[in-house]
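Structure first, then comments.
The values are calculated or read from the model by the stated rules, or taken from the named source; none is laboratory data. Not measured: the values here are computed from a predicted model. Counting neighbours? That spans all protein chains shown, and the Cβs are built from the backbone with ideal geometry, glycine included.
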Amino acid sequence: MKVVDQLEAFSPSSQVWLVPDLEHSEWTKKIDWYLNYQIKRSTPHTPALFSKELEEVIARSEFESPTVRLDPQAPMMIACEKLVPAAQTVVVPFKTDADWISTCHRVWVGLARPSVRIFLPRGMTMAGFTKVWPKQDSDGAVEVLTELVP
């Protein structure tokens, strides 16, 4: 695991950036500007529903309507290759330190462990992060930035 200096925050090196929601991070507010305010516009992100007309057509056709219900607190991935030096940015809503770190780890593992830069939420320390992040997954593919000090 590598601790990244704030001056290197936007330098290229990671395929994925993991960030807290806007309310819990100055980093996310700064990144959102580069992402053309996509994070702010998508908060809270809710899945689109079928129109009444389409629901009626589905019912008449006796098809089973596909339902995809997303938890509004689920992490949200944004493709951002042309906007920041990463291929994806994943916004992970903050609940508690341990829950946020565990969710970040689950997302990272689910993406097949790409190189990742993790922007810590406001108030989280490196010591607190390393207590929860699994030690066996603390290799060079993981970079961590502490809270942005304005």
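For the reader, a short list of remarks on this structure follows.
- Some residue of segment 98-105 being of a type in the set (Gly, Ala, Ser), out of contact with any Leu (no Cβ under 7 Å at 6 or more places or on another chain) and at pLDDT 95 or above: yes
- Which listed residue, of Phe129, Phe94, is more than 23 Å from Ser42 (Cβ to Cβ), in contact with an Asp or Glu (Cβ under 9 Å, 6 or more places away or on another chain) and either surrounded by 18 or more Cβ atoms within 10 Å (Cβ to Cβ) or among the hydrophobic types (A, V, I, L, M, F, W, C) (or both): Phe129
- Among the residues examined, Phe63 does not qualify as at pLDDT 90 or above, in a loop (DSSP other than H, G, I, E, B) and either of a type in the set (A, V, I, L, M, F, W, C) or touching a Cys at 6+ places or on another chain (Cβ under 6 Å) (or both).
- Against the criterion of being under 14 Å from the mean Cα position of the chain (by Cα) and loosely packed, with under 14 Cβ neighbours inside 10 Å, Gly110 qualifies.
- Identity of the residue in segment 136-150, under 15 Å from Val3 (Cα atoms) and not hydrophobic (A, V, I, L, M, F, W, C), that ends up surrounded by the fewest Cβ atoms within 10 Å (Cβ to Cβ): Gly140
- Condition check for Glu55: assigned to a helix (DSSP H, G or I), modelled with pLDDT under 85 and surrounded by 12 or more Cβ atoms within 10 Å (Cβ to Cβ): yes
- Residue match in segment 13-26 (condition: at pLDDT 90 or above, polar (S, T, N, Q), surrounded by 11 or more Cβ atoms within 10 Å (Cβ to Cβ) and touching a helix residue (DSSP H, G or I) at 6+ places or on another chain (Cβ under 9 Å)): yes
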